[in-house]
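Trainee: Below is one structure. I have some questions about it.
The values are calculated or read from the model by the stated rules, or taken from the named source; none is laboratory data. Note that this is a predicted model, so its numbers are computed, not measured. Here the Cβ positions follow ideal geometry from the backbone for every residue, glycine too, while neighbour counts run over all protein chains shown. Ligands, DNA and RNA are excluded from the accessible area calculation, which covers all protein heavy atoms including side chains. Shrake-Rupley method; radii C 1.70, N 1.55, O 1.52, S 1.80 Å.
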Amino acid sequence: PRRAPLFLLPIDAGCLAGRGPRRERELYWGEASRQTVLRTLIPVVSPVASSWERACQLFYQLKGGRVDYGEAHSRRHEIERFGPTFQALYPEWDEDHPVHLVGHSFGGCTARALQQMLADGCFPGPWMRGTEPETRDVRE
């Protein structure tokens, strides 16, 4: 069976959030970005967004589609409800096709926020509604 891919989630600063040249991102992550045992990807999340918004951006980068921050969240925080549209980095991601999330600093908060939002059923589709936070899809 194919191994689950590794997603590296950086701290929230400029090029470290994936906006800079690939070489700079590789320098930031060092050997982790160059290992060949797992498919390794570095998603692009906003360096200035909240944990909720970064988790939404991460979800839609993994699954693909237009980022939806949710009606209530957008209204409460006076932001646009919809964000950018992403091509899926790992469209097959589901209970049978897990991912590994490794976060540094605020990247760890982003991974935890995504895990909680999945458990709470915040995204469209059959995403672990009513399950415990210890899911097969996202692990600490």
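Trainee: Out of F86, F59, report the one residue that is modelled with pLDDT of 90 or more and over 17 Å from R112 (Cα atoms). Lay out the reasoning, then the answer.
Mentor: Details: F59 fails: over 17 Å from R112 (Cα atoms).
None of the others qualify; the one that does is F86.
Trainee: Which pairs do you get when a residue that is without any contact (Cβ under 8 Å) to a residue 24 or more places away in the chain and more than 16 Å from K63 (Cα to Cα), found in the range 77-94, comes within reach of a residue that is in a loop (DSSP other than H, G, I, E, B) and open to solvent by less than 80 Å² (accessible area, probe 1.4 Å), reach meaning Cβ atoms under 6 angstrom, with the pair 6+ apart or on two chains?
Mentor: R81/Y69
Trainee: Within the range 68-80, how many residues are surrounded by 11 or more Cβ atoms within 10 Å (Cβ to Cβ) and within 13 Å of A49 (Cα to Cα)?
Mentor: The number of residues fulfilling the criteria is 5.
Trainee: Taking the condition open to solvent by less than 60 Å² (accessible area, probe 1.4 Å), at pLDDT 90 or above and not hydrophobic (A, V, I, L, M, F, W, C), does R54 pass?
Mentor: Numbers: open to solvent by less than 60 Å² (accessible area, probe 1.4 Å): yes; at pLDDT 90 or above: yes; not hydrophobic (A, V, I, L, M, F, W, C): yes.
Yes, satisfied.
Trainee: Right, something else. State yes or no: is R39 exposed (fewer than 13 other Cβ atoms within 10 Å of the Cβ), more than 14 Å from the chain's Cα centre (by Cα) and modelled with pLDDT under 85? Show your work before the answer.
Mentor: Working: exposed (fewer than 13 other Cβ atoms within 10 Å of the Cβ): no; more than 14 Å from the chain's Cα centre (by Cα): yes; modelled with pLDDT under 85: yes.
When the stated conditions are applied, R39 does not pass them.
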